[in-house]
Structures are given as C-alpha cells and as structure tokens.
Amino acid sequence: MGTWDIGPFDNDTAADFSYRVDEAPAEKKAEVLRTAFREVIETGDEYLDADLADEAIASAALLAAQCPGGTPVTTSYGPKHPLPPLPTDLRPQAVTALDRILTEPSELLELWEESDGEEWKAGVRQLRAVLAGT
C-alpha cells in the first residue's frame, strides 16, 4: 500500500480510483461511488480488504464535499473533473460503509492502528459526521 498521509486521497488506491471516477460518464459517476460503498457494506463480518476501504473513503470524501459543512476535494490526487450533483440517497450508504471500515475485521483499520490510527480515524469520523448531517 502506497500511503503518504492520512487524507482520503493520500494513497495509491484512492488516486487510481479518482481516474476511474474521471473516466465514467457524468450520468454514471454516482454509480461508481455507490459501487464502492456497496462493496464495503457487502463484506458483512468478513475481512475487509484495504483497497475496497480506500475507495469507499475517497467516495465518501467526494460525496461529503457536496454536503453542508463538507470540505471541497482540492488535492491533485482527486478527480480532475468536477462531479455533477450527487444523489442524497448515497449519504446513508456512505455512513454505513465508513462504519464498516472502522469495525474489525478491517485491514485498513489494522494498518492505521499500527501508526497514526487516532488521527486517521478522526478524519473518517469527520467525513461520517458531515454525511450523517450531525
């Protein structure tokens, strides 16, 4: 895993995911994010792969950027093209995916707990709060 900081796009997987978002037609961009959330949620109690988690966190950041209190995604590793308005029905899915990422068994959670886990978890929880409207 190539990770250089704690932000949603500060890893190779999320940067690659941004390219996939850019390549999707405007009417399919929401589905790219929805798929990332669904793949995480569908792991249930099974081991959650870090790459799936990284994509869902990046998706959550893109969605949260369009929410009240959200932070715009300005990193050069994020999508290069603006996203159309995303459907609000994605927000509960994003919240559920983020909750799953912060629940064991989760490879990404395990990896972060070996280093700057608390700071990373705080960032994920902040995204969750924006998406939940709390």
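None of the figures in this text is laboratory data; all of them are computed from the coordinates on show. Everything numeric in this text was worked out from a predicted model, so none of it was measured. Counting neighbours? That spans all protein chains shown, and the Cβs are built from the backbone with ideal geometry, glycine included.
Under a 5 Å amide H to amide H cut-off, with H placed in plane at 1.01 Å, what residues pair with Ser106 once short-range neighbours are removed?
Leu48
Output the 0 to 90 degree angle, nearest 10, between the alpha-carbon long axis of helix 117-132 and the longest principal axis computed from the alpha carbons of the chain.
On a 0 to 90 degree scale, this one is about 40.
Just from its helices, what would the mean residue ellipticity at 222 nm be for the chain, if runs of 4 or more DSSP H residues each count -39500 (n - 2.57) and the sum is divided by every residue, rounded to the nearest 500 deg cm²/dmol? Each step should come with its number before you reach the end.
Details: 6 runs with 75 residues, N = 134.
Result for the chain, helices only: -17500 deg cm²/dmol.
What are the ³J(HN,Hα) values, in whole Hz, obtained from phi via the Karplus relation 6.51 cos²θ - 1.76 cosθ + 1.60 with θ = phi - 60°, for each residue of the stretch 52-68 in sequence order, with x given for Gly and Pro?
Whole-Hz 3J(HN,Hα) from phi for the stretch 52-68: 4, 5, 4, 5, 5, 5, 4, 4, 4, 5, 5, 5, 4, 4, 9, 9, x.
Quick one: 3J(HN,Hα) in Hz for the stretch 37-51, Karplus 6.51/-1.76/1.60 with θ = phi - 60°, rounded, Gly and Pro as x.
In residue order, the calculated couplings are 5, 4, 4, 6, 4, 5, 5, x, 8, 6, 4, 9, 5, 4, 5 Hz.
How far apart, in nm, are the 7 Å Cα→Cβ label points at Glu110 and Asp5?
2.8 nm
For the stretch 19-29, take each phi angle, set θ = phi - 60°, evaluate the Karplus expression 6.51 cos²θ - 1.76 cosθ + 1.60, and give the result in whole Hz per residue in order, putting x for glycine and proline.
After applying 6.51 cos²θ - 1.76 cosθ + 1.60, I find 4, 4, 5, 4, 6, 6, x, 3, 6, 10, 4 Hz.
For Cα extents along the principal axes in Å, which listed value, (i) 44, 30, 24; (ii) 38, 31, 24; (iii) 37, 27, 26, comes from the coordinates shown?
The listed entry that was calculated here is (iii).
Among Leu109, Val32, Gly2, which residue has its Cα positioned farthest towards the positive end of the charge dipole of the chain, with +1 placed on the Cβ of Lys and Arg, -1 on the Cβ of Asp and Glu, and the dipole taken about the Cα centre?
The one lying farthest along the dipole's positive direction is Val32.
Dipole magnitude of the stretch 25-134 about its Cα centre, charges +1 at Lys/Arg Cβ and -1 at Asp/Glu Cβ only, in debye to the nearest 20?
Details: 10 positive and 20 negative charges, 179 e Å.
Computed charge dipole of the stretch 25-134: roughly 860 debye.
For the stretch 1-46, state which GluC sites (Glu not before Pro) are in a DSSP loop and have at most 16 other beta carbons lying within 10 Å of their beta carbon. Working shown, then result.
Working: sites: Glu23, Glu27, Glu31, Glu39, Glu42, Glu46; in loops: Glu42, Glu46.
Passing sites in the stretch 1-46 are Glu42, Glu46.
Which trypsin sites (Lys or Arg not before Pro) from the stretch 61-125 combine a DSSP loop assignment with at most 13 other Cβ atoms within 10 Å? Spell out each step's value before the answer.
Numbers: sites: Lys80, Arg100, Lys121, Arg125; in loops: Lys80.
Qualifying residues, ordered by number: Lys80.
Express in nm, to one decimal, how much length is gained between Asp99 and Thr35 on full extension, taking 0.36 nm for each residue of separation and deducting their alpha carbon distance. Provide the component values of the computation, followed by the final result.
Values: separation 64, 0.36 × 64 = 23.04 nm, distance 1.62 nm.
Working it through step by step, the gained length comes to 21.4 nm.
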